[in-house]
Amino acid sequence: MNTPIDIDGSQGEGGGQILRSALTLSVLSGRRLRMRNIRARRAKPGLMRQHLTCVKAAAQISAAEVDGAQVGATEIDFRPQAIVPGDHTFSIGTAGSMMLVMQTVLPVLLGADKASVLRLEGGTHNTQAPSADFIEHCFLPAITRLGAQVRMTVERLGFYPAGGGRVVVEITPAPLRRVLLDARGAPLALSAHALVAGIPMHVAQRELTTVAERFGLRPQDLSARDHGSRMGPGNALSLIARFPGITEVVTALGERRVRAEDVAAGACDEMARYLDSGAVVGEHLADQLLLPMLVAGGGEFNTGVPSLHLTTNAQVIEAFGMARVEISRIDAKAHHVSVLLT
């Protein structure tokens, strides 16, 4: 068997991203992964349900043998065998993020020898995770630029703590190519969408009013939808900025005892920072693009000040020796990122 890769989960941001990226890279490279100190920098270290589902999903698509796959575990030994595309179902069993499970296995299945369908159950809108709106309008269009053919259908929303969301992801392998994302282009549109489930509709309306006043949006730029109490309780507001070269999405989730106007103001502030920065790839998309670009044979993009998630993901990729990630400063607000195969 190949020499194992040893990954310390306490490095960098010290969270679940290190685990997910290491699993993906282990399957892509076919190398055994030994990981310790999983999520060491979190209040509750070790595997939570959604992280355990990521381990099981990676194992299922690679016929892997795994030791330590249990809730609370801080070490795993993961031994992938062969990539297994096809029809896969992964259920978290809680409101944990389905989007993170999808992103763990997607880079592998993009390069498989036949199509796959993922049926996922859990949360669609979670704190500290990309929302379904972000995946649909930002992440998937970005990897489509690489040549990826992925279609996602949200069959049912899932909010914390109820969960119960359902998503189907169809992946058709296709030749991928290197891309350079270094220009947004002239703005095309800025819009806002608010959804509620088991929450009064006036919450969504107040959020949209706040956004409209902040950015001078017209009624046709705003939309709201009530998904009914069966999918709630939950509330999400998404701001979508479209450019010829990229689409950026900011999602804010409603919280108990937080005014709708304050939820919207926070989202507006984050979008304003992106628009003012001149960055092409936003903070959250930046670290999520590294693995798809590796599968595509490399790529480049301009982003803002590198986040700890970006630099940590770069370190994990380089530990596997499959690529190096160069991050260079353009000016005080912008950086250039290159994924270069080794």
Please work out whether the stretch 1-53 counts as rounded, prolate or oblate from its C-alpha gyration tensor, where a ≥ b ≥ c are the square roots of the eigenvalues and a/c under 1.5 means rounded, while otherwise a/b larger than b/c means prolate and anything else oblate?
-> prolate
Give, in whole angstrom and from largest to smallest, the semi-axes √(5λ) of the equivalent ellipsoid of the chain, with λ running over the eigenvalues of the Cα gyration tensor.
-> 32, 24, 18
Per residue solvent-accessible surface (Å²) - the stretch 150-283, probe of 1.4 Å = 50
One finds, for Gln220 and Ala186 with R0 = 22 angstrom and r their Cβ-Cβ distance, a FRET efficiency to the nearest 0.05 of 0.65
Simple spin-label estimate for Asp6 and Ala112 in nanometres, 7 Å along Cα-Cβ = 3.3
Which of Ala189, Gln103, Thr144, positive extreme of dipole for the stretch 103-198 (C-beta unit charges) = Thr144
Mean shadow area of the stretch 178-273, taken as a quarter of the surface of its Cα convex hull (nm²) = 7.3
Multiply the residue gap between Glu255 and Val168 by 0.36 nm, knock off their C-alpha separation, and tell me the result in nm, one decimal place.
-> 28.6 nm
If the label point sits 7 Å along Cα→Cβ of Arg151, residues of the stretch 72-103 with amide N under 16 Å come out as 87
Contour minus Cα-Cα distance for Leu341 and Ala272 (0.36 nm per residue) | 21.4 nm
Can you give the accessible area of His137 in Å² (nearest 10), computed on protein heavy atoms with a 1.4 Å probe?
-> 40
Residue by residue through the stretch 38-50, which ³J(HN,Hα) values in whole Hz follow from phi under the Karplus form 6.51 cos²θ - 1.76 cosθ + 1.60 (θ = phi - 60°), with glycine and proline marked x?
-> 4, 6, 5, 9, 9, 4, 10, x, x, 6, 8, 4, 5
Rounded to the nearest 5, what % of the DSSP beta bridges within the chain are antiparallel ones?
-> 70
Decide, for the stretch 76-170, between rounded, prolate and oblate: order the square roots of the alpha carbon gyration tensor eigenvalues as a ≥ b ≥ c, take rounded if a/c falls under 1.5, and otherwise choose prolate if a/b is larger than b/c, else oblate.
-> oblate
May I ask for the equivalent-ellipsoid semi-axes of the stretch 4-109, computed as the square root of five times each C-alpha gyration tensor eigenvalue and listed largest first in whole Å?
-> 19, 16, 11
The stretch 14-80, dipole about Cα centre (Lys/Arg Cβ +1, Asp/Glu Cβ -1), debye to the nearest 20 | 260
Computed about the Cα centre, the charge dipole of the stretch 96-195 from +1 Lys/Arg and -1 Asp/Glu charges at the Cβ has a magnitude in debye, to the nearest 20, of 200
A chain fully extended from His227 to Asp331 at 0.36 nm per residue, minus the present Cα-Cα distance, gains in nm 33.0 nm
Which whole-Hz couplings ³J(HN,Hα) result when phi for each residue of the stretch 83-94 is put into the Karplus expression 6.51 cos²θ - 1.76 cosθ + 1.60, θ = phi - 60°, listed in order with x for Gly and Pro?
-> 5, 10, x, x, 9, 10, 10, 10, 10, 6, x, 9
Solvent-accessible ranking of Glu213, Glu75, largest area first, probe 1.4 Å | Glu213, Glu75
Distance in nm between Thr311 and Met201 label points, each 7 Å along Cα→Cβ, equals 4.8
Rounded to the nearest 10 degrees, the helix 260-277 long axis (Cα) sits at an angle to the longest Cα principal axis of the chain of 70
Projected area of the stretch 24-84, taken from the Cα convex hull and averaged over every viewing direction, in nm²?
-> 3.6
Based on the Cα gyration tensor of the stretch 279-342, what are the three equivalent ellipsoid semi-axes, each the root of five times an eigenvalue, rounded to whole Å and given largest first?
-> 18, 11, 10
Signed unit charges on C-beta, dipole axis of the chain, positive-most listed residue Ile246, Ala112, Met48 | Met48
Based on the mean of other Cβ atoms within 10 Å per residue, sort peptides 119-126, 254-261, 200-207 so the most packed one is first.
-> 119-126, 200-207, 254-261
Using only the Cα atoms, work out Rg/Rh for the stretch 171-211, with Rh taken as the Kirkwood radius, to two decimals.
-> 1.26
For the stretch 122-232, what does the alpha-carbon gyration tensor say about shape, rounded, prolate or oblate, given a ≥ b ≥ c as the root eigenvalues, a/c under 1.5 as rounded, and a/b over b/c as prolate?
-> oblate
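The values are calculated or read from the model by the stated rules, or taken from the named source; none is laboratory data. Quick caveat: nothing in here was measured; it's all calculated off a predicted structure. Heads up, the Cβs are rebuilt from the backbone with ideal geometry, glycines too, and the neighbour counts pull from every protein chain shown. The accessibility values were calculated without ligands, DNA or RNA, using every heavy atom of the protein model including side chains. Shrake-Rupley method; radii C 1.70, N 1.55, O 1.52, S 1.80 Å.
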